[in-house]
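*Asks:* Got a structure here, written out as structure tokens. Questions coming.
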Amino acid sequence: MERKIVVAGNWKMNMLPSQTGEFIAGFKGKFKDDRQVVFCVPAVSLSVAVEAVKGTNYAVGAQNLHEKESGAYTGEISSQMLADMGVKYVIIGHSERRQYFGETDEGVNAKAQSALGAGLIPIICVGETLEERNKNITLEVVRLQTKVALHNIEEKAVKNIVIAYEPVWAIGTGLTATSQQAEEVCKAIRDLLAELYNDSVAKAVTIQYGGSVNGKNAGELFSQPNIDGGLVGGASLKAEFVDVVNG
Ligand code: PGA
């Protein structure tokens, strides 16, 4: 089966709840039907977003979760809570969370298992820093991050995962990886899936590229054999998102 192009807009800490419904409604009828579009909005805007995508084939995603089901974790939100409100996807291990909130590969694994247990599709982010790329250890870094993130996740569940390759140096910088650089790493991730599981898993898993994707470069990136869409920050907050999705 052909893999679908999945394009997720990561709004990060942008846009007010009161602006969210109108913003999403503005895209109605503009995306190609064969695209899966996901709006990953701030937690406080999730319910408005879920309402706004009713009657469309867009989905809503969260940007983080807590791996425990419930309990004394003040300020946190569980996978079950997200699923209960109609959220379908959740970004896990974004480099900003790793950098500013101390997220580790082991934590990413715990969150991914929690998300899968609640029926959410985790978008697991991996990617090297500029220093790591310059040391020529990109593939080792990304393999390690991916391997730990998938630890103890069985074959049936892993097919529901999205992996987003996001080189840290390309995020929010305007420096996009070339389609060749992005394809090389996405292919290495797919090869790792074949190694850890089998060919059918490797063929089924959606692997996105993220990092300064825009309306001009999306088409070339998404047409690479191992790139099945993107995780998009800045451009997902503009009308340009239509060009990104339609690639
Ligand atoms: P960017 O962000 O598209 O603004 O580079 C991507 C991301 O952080 O997911």
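The values are calculated or read from the model by the stated rules, or taken from the named source; none is laboratory data. Note that the coordinates shown come from a computational prediction; the quantities given were computed from them, not determined experimentally. Methodologically, a virtual Cβ is constructed for each residue, glycine included, from the backbone with ideal geometry; neighbour enumeration extends over all protein chains shown. The protein model used for the area step is the full one, side chains on, heavy atoms only, and it has no ligands, DNA or RNA in it. Shrake-Rupley method; radii C 1.70, N 1.55, O 1.52, S 1.80 Å.
*Asks:* Within segment 163-171, is even one residue of a type in the set (Val, Ile, Thr), open to solvent by less than 10 Å² (accessible area, probe 1.4 Å), away from the ligand (no atom under 16 Å from the Cβ) and not in a helix (DSSP H, G or I)?
*Replies:* Residues of segment 163-171 of a type in the set (Val, Ile, Thr): 163, 168, 171.
Imposing the further condition that a residue be open to solvent by less than 10 Å² (accessible area, probe 1.4 Å) reduces the set to 163.
If we keep only those that are away from the ligand (no atom under 16 Å from the Cβ) too, we end up with none.
No, there is no match, as no residue in segment 163-171 is of a type in the set (Val, Ile, Thr), open to solvent by less than 10 Å² (accessible area, probe 1.4 Å), away from the ligand (no atom under 16 Å from the Cβ) and not in a helix (DSSP H, G or I).
*Asks:* Okay, moving on. Looking at the structure I just gave you, is residue 212 part of a helix (DSSP H, G or I), among the hydroxyl-bearing types (Ser, Thr, Tyr) and open to solvent by less than 40 Å² (accessible area, probe 1.4 Å)?
*Replies:* Working: part of a helix (DSSP H, G or I): no; among the hydroxyl-bearing types (Ser, Thr, Tyr): yes; open to solvent by less than 40 Å² (accessible area, probe 1.4 Å): yes.
Spelling it out, it is not the case that residue 212 is part of a helix (DSSP H, G or I), among the hydroxyl-bearing types (Ser, Thr, Tyr) and open to solvent by less than 40 Å² (accessible area, probe 1.4 Å).
*Asks:* Next question, about the same structure. Among the strands (runs of 3 or more DSSP E) confined wholly to segment 28-120, which include 1 or more residues that are in contact with a His (Cβ under 9 Å, 6 or more places away or on another chain) and open to solvent by less than 10 Å² (accessible area, probe 1.4 Å)? I'd like the intermediate steps shown before the answer.
*Replies:* Numbers: elements: 35-40, 59-62, 89-92.
Qualifying strands (runs of 3 or more DSSP E): none found.
*Asks:* For segment 215-234: of the residues being open to solvent by less than 10 Å² (accessible area, probe 1.4 Å) and within 14 Å of the ligand (Cβ to nearest atom), which is farthest from residue 40 (Cα to Cα)?
*Replies:* The selected residue is 221.
*Asks:* If the requirement is being surrounded by fewer than 18 Cβ atoms within 10 Å (Cβ to Cβ), more than 29 Å from residue 57 (Cβ to Cβ) and among the basic types (Lys, Arg), which of these qualifies: 156, 203, 135? Lay out the reasoning, then the answer.
*Replies:* Values: 156 fails: more than 29 Å from residue 57 (Cβ to Cβ); 203 fails: more than 29 Å from residue 57 (Cβ to Cβ).
Of 156, 203, 135, the one residue that is surrounded by fewer than 18 Cβ atoms within 10 Å (Cβ to Cβ), more than 29 Å from residue 57 (Cβ to Cβ) and among the basic types (Lys, Arg) is 135.
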